[in-house]
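Notes for the one structure printed next.
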Amino acid sequence: MAVGNEDIRDFLNRVADALDREAWDEFLSMCAPEFEYRVTAYSYELDKEMVWLIHDMDGLRYLFDVLPEQLGRKGTRMLRQISVTDISRGEAKGHVDVTSKVIAVRTSPEGVSELFAAGRYLDVVDVAGGTPRMIKRETRLDTRELGIGSHVPI
Amino acid sequence: MPSRNRETWERPPDLPETHYVDAAAYANPDIFADEMSRILARSWRFGCHESELPDAFDFRTIDHAEVPLVMIRGEDGRIRTFYNVCPHRGAKLFNDLSGNARLKTCFFHHWTFDWKGDCVSRPRPKAYDDMNLRAEDCGLREVHTDTLYGLVFFNLDDRPIPFADYFGDALASFERTLTEEPVEVFHYHQAVVQANWKQWVESNMDHYHEWMHVMLRRTNVLTEETLFKRRVELYPYGHIMFRGMQIDYQDEATVVPREQSKALPGLTAETFHSTPIFPNTVLMTRGTVMRIDTTTPLTPDTSLVEFRGLGLKNDSEEDRIVRIRQHNEFWGPMSHNLPEDLFAAEQCAKGYRTGGAAYGIICREENMSAQDDGGMRHFYAEWSKWMGRPASDPRTKAA
């Protein structure tokens, strides 16, 4: 069955929702084995592109495996609000390039919400098999001041 | 061990005065104001690495010092620092974070300045000439600037401690690393931390906290052998060097491998060194990458920390991306270690800010091995000297 633009929007919303719920296995199940995740930003201080995180599937699995031991406050949540702005059929057959605006809001255990980051998702989604799967995600941040930072992918 | 009541909680620890810090040193606004004028305004402070200003007329603004600053590489190759303020009506002169400008014209009334800070043009100057306000009296305010191994420092004091005296040999271990091959900054980010500036500086002097990091528990950092091989060395003016640690990254299979990356000159890929430079800068290496932290106090309980990552300038694209991964896994804003360190600084600040905590204990003596508190004692001895009051009782000024 052909995957339409609405299916892709639904898929990306489900990906964001899995991340919000910290359902890491569910998130990984929506990624192809060759999935690559990056966080990038441009430094006006250095006049340079920067890469702040790169993980393949093994790296992400390790990251999620270590998470329970990482120091942080139990009950801190992140919510990702996405808005798809462009869907175009990629050069590779069966691949779709999708751009979304993303706003990540972090909420403390006390219930105080703060804007954590703003930017874009630059995704490549494999739709060839009829079920969308993430091939690549670049989280392109406008925000470069992340406070104490984050152990979880934005 | 019994719990304590108010009296016993607030009673100074039964330790030498050099071995604890009173909570007021972290939270008292008057002491903070004194720190700004007695320490920050008089010490040599890291501004940037010279790779951030590679060409003549390159500039880099520093917005978080007490005054706005701009560093400019001149036509003569020297880097100078000026107040980033137009002397005419006080407008900020350079508004971009970095760039290149042979001359800089203030947006407001078009006064123009060259790279030496000289005022070279004022539109319709006759009205000033008539008032005897000469162009040579309208230059920028220059700040002392000097460079060591590519590290550019500024000092807001017009009569600073001589640069060479201030650093002595404290950075000599980094000479080869920073000069034998070109290095450059590839990573920069800032974090506003809800903590006193010293609480962040301490996190790089207090190696006893290593137990906190899951990644250090999973590698060999905390074995008896590595703990006692590492040494704390003390240098004049409060500088410190932690050296002697070799990390076995192979202990953890998914850690980015080091063996194919070229180590920085003078280091092996496994070397870990850390050098806190008084008052607010720390250089550290993990063999293939270097990190520089600079902490700027904003308020008694808010600080801005800049993080830089450095590597070899001549890396291929493939080598660079591996080096970036090696940097990011421990030191990036989304790394394993850095968010834990920042979290810890903020949690400590909560204890001191509220008056809950009374003293910081820095009494561990382990023959100056890695987790000896001697580094922190050295820092606070220097702090006490500059402040004219002991860190153990900072409300009391020295006679």
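The values are calculated or read from the model by the stated rules, or taken from the named source; none is laboratory data. The shown structure was predicted, so the numbers you read here are calculated from the model rather than taken from an experiment. Reconstructed Cβ throughout: ideal geometry from the backbone, glycine too, with neighbour counts over all protein chains shown.
Which of the residues belonging to the range B:58-78 are surrounded by fewer than 22 Cβ atoms within 10 Å (Cβ to Cβ) and more than 14 Å from chain A (Cβ to nearest Cβ)?
B:Ala65, B:Glu66, B:Val67, B:Pro68, B:Gly74, B:Glu75, B:Asp76, B:Gly77, B:Arg78
Is at least one residue of the range B:32-47 of a type in the set (A, V, I, L, M, F, W, C) and more than 22 Å from B:Trp200 (Cβ to Cβ)?
Scanning the range B:32-47 turns up no residue that is of a type in the set (A, V, I, L, M, F, W, C) and more than 22 Å from B:Trp200 (Cβ to Cβ).
Within the range A:1-43, restricting attention to residues that are among the small types (Gly, Ala, Ser) and part of a helix (DSSP H, G or I), which residue is nearest to B:Asp96 (Cα to Cα)?
A:Ala16
Since B:Ser261 meets every condition but one in (1) part of a loop (DSSP other than H, G, I, E, B); (2) in contact (Cβ under 8 Å) with a residue 60 or more places away in the chain; (3) under 24 Å from the mean Cα position of the chain (by Cα), which condition does it not meet?
Answer for B:Ser261: the failing condition is (3).
Collect the residues in the range A:2-16 that are surrounded by fewer than 16 Cβ atoms within 10 Å (Cβ to Cβ) and in contact with a helix residue (DSSP H, G or I) (Cβ under 9 Å, 6 or more places away or on another chain), keeping them in residue-number order.
Across the range A:2-16, the qualifying residue is only A:Arg14.
So how many residues does the range B:208-238 have that are aromatic (Phe, Trp, Tyr) and within 14 Å of chain A (Cβ to nearest Cβ)?
1
Out of B:Asp315, B:Asp319, report the one residue that is farther than 17 Å from B:Leu178 by Cβ, more than 11 Å from chain A (Cβ to nearest Cβ) and free of Cβ contacts under 8 Å to residues at least 60 places away in the same chain.
Exactly one of B:Asp315, B:Asp319 is farther than 17 Å from B:Leu178 by Cβ, more than 11 Å from chain A (Cβ to nearest Cβ) and free of Cβ contacts under 8 Å to residues at least 60 places away in the same chain, namely B:Asp319.
Among B:Met245, B:Met205, B:Met241, which is the only one that is touching a strand residue (DSSP E or B) at 6+ places or on another chain (Cβ under 6 Å), part of a loop (DSSP other than H, G, I, E, B), hydrophobic (A, V, I, L, M, F, W, C) and more than 14 Å from every other protein chain (Cβ to nearest Cβ)?
Only one candidate qualifies: B:Met205.
Restricted to the range B:230-257, and to residues that are of a type in the set (Val, Ile, Thr) and within 24 Å of B:Glu175 (Cβ to Cβ), which residue is modelled with the lowest pLDDT?
B:Ile247
Out of (1) surrounded by fewer than 17 Cβ atoms within 10 Å (Cβ to Cβ); (2) in contact (Cβ under 8 Å) with a residue 12 or more places away in the chain; (3) under 18 Å from A:Met134 (Cβ atoms); (4) under 15 Å from the mean Cα position of the chain (by Cα), what's the single condition that is false for A:Glu34?
Condition (4) is where A:Glu34 drops out.
Out of all the residues in the range B:168-202, which are on the phi < 0 side of the Ramachandran plot and part of a loop (DSSP other than H, G, I, E, B)?
B:Asp169, B:Ala170, B:Leu171, B:Glu180, B:Glu181, B:Pro182, B:Gln194, B:Ala195, B:Asn196
Confirm whether B:Arg122 is more than 14 Å from B:Val70 (Cβ to Cβ), in contact with a Phe, Trp or Tyr (Cβ under 6 Å, 6 or more places away or on another chain) and either of a type outside the set (D, E, K, R) or assigned by TED's automatic domain parsing to the domain that holds B:Met71 (or both).
Taking the combined requirement at face value, the residue satisfies it.
Could you tell me which numbered condition B:His109 fails, if it satisfies all but one of (1) surrounded by 16 or more Cβ atoms within 10 Å (Cβ to Cβ); (2) touching a His at 6+ places or on another chain (Cβ under 7 Å)?
Going through the list (1) surrounded by 16 or more Cβ atoms within 10 Å (Cβ to Cβ); (2) touching a His at 6+ places or on another chain (Cβ under 7 Å), B:His109 breaks only (1).
Residues of the range B:309-350 being within 21 Å of B:Leu151 (Cα to Cα) and of a type in the set (Phe, Trp, Tyr), which ones?
Within the range B:309-350, B:Trp331 is the sole residue that qualifies.
May I ask you to say which residue of B:Ile79, B:Ile62, B:Ile161, B:Ile72 is among the β-branched types (Val, Ile, Thr), closer than 26 Å to B:Thr179 by Cβ and in contact with a Pro (Cβ under 8 Å, 6 or more places away or on another chain)?
Checking each option against the conditions leaves just B:Ile62.
Which residue, of B:Phe32, B:Phe82, B:Phe59, B:Phe107, is of a type in the set (A, V, I, L, M, F, W, C) and more than 28 Å from B:Phe278 (Cβ to Cβ)?
Going through B:Phe32, B:Phe82, B:Phe59, B:Phe107 in turn, the sole match is B:Phe107.
Restricting attention to the range B:268-290, does a residue exist that is modelled with pLDDT of 90 or more and within 14 Å of chain A (Cβ to nearest Cβ)?
yes
Take B:Leu227 and decide whether it is modelled with pLDDT under 90, out of contact with any helix residue (DSSP H, G or I) (no Cβ under 7 Å at 6 or more places or on another chain) and under 20 Å from B:Thr275 (Cα atoms).
Considered against the rule, which asks whether it is modelled with pLDDT under 90, out of contact with any helix residue (DSSP H, G or I) (no Cβ under 7 Å at 6 or more places or on another chain) and under 20 Å from B:Thr275 (Cα atoms), B:Leu227 comes out as yes.
Any chance you could count how many residues in the range B:367-399 are assigned to a loop (DSSP other than H, G, I, E, B) and either more than 15 Å from B:Tyr208 (Cβ to Cβ) or not charged (D, E, K, R) (or both)?
Final tally of qualifying residues: 16.
Here are some residues: B:Thr112, B:Thr145. Which one is β-branched (Val, Ile, Thr), in the same structural domain as B:Pro54 (by TED's automatic domain parsing) and either over 29 Å from B:Tyr166 (Cβ atoms) or free of Cβ contacts under 8 Å to residues at least 60 places away in the same chain (or both)?
B:Thr112
Name the single residue, out of those in the range B:164-195 being touching a Ser or Thr at 6+ places or on another chain (Cβ under 9 Å) and away from chain A (no Cβ under 14 Å), that is surrounded by the fewest Cβ atoms within 10 Å (Cβ to Cβ).
Ranking the candidates gives B:Pro182 first.
Considering B:Gly351, B:Gly360, B:Gly355, which residue is buried (at least 21 other Cβ atoms within 10 Å of the Cβ), over 17 Å from B:Glu210 (Cα atoms), out of contact with any Pro (no Cβ under 8 Å at 6 or more places or on another chain) and more than 14 Å from chain A (Cβ to nearest Cβ)?
Among B:Gly351, B:Gly360, B:Gly355, only B:Gly360 is buried (at least 21 other Cβ atoms within 10 Å of the Cβ), over 17 Å from B:Glu210 (Cα atoms), out of contact with any Pro (no Cβ under 8 Å at 6 or more places or on another chain) and more than 14 Å from chain A (Cβ to nearest Cβ).
Among the residues of the range B:367-399, write down those that are more than 20 Å from B:Trp44 (Cβ to Cβ) and polar (S, T, N, Q).
Hits for the range B:367-399 are B:Asn367, B:Ser369, B:Gln371, B:Ser392, B:Thr396.
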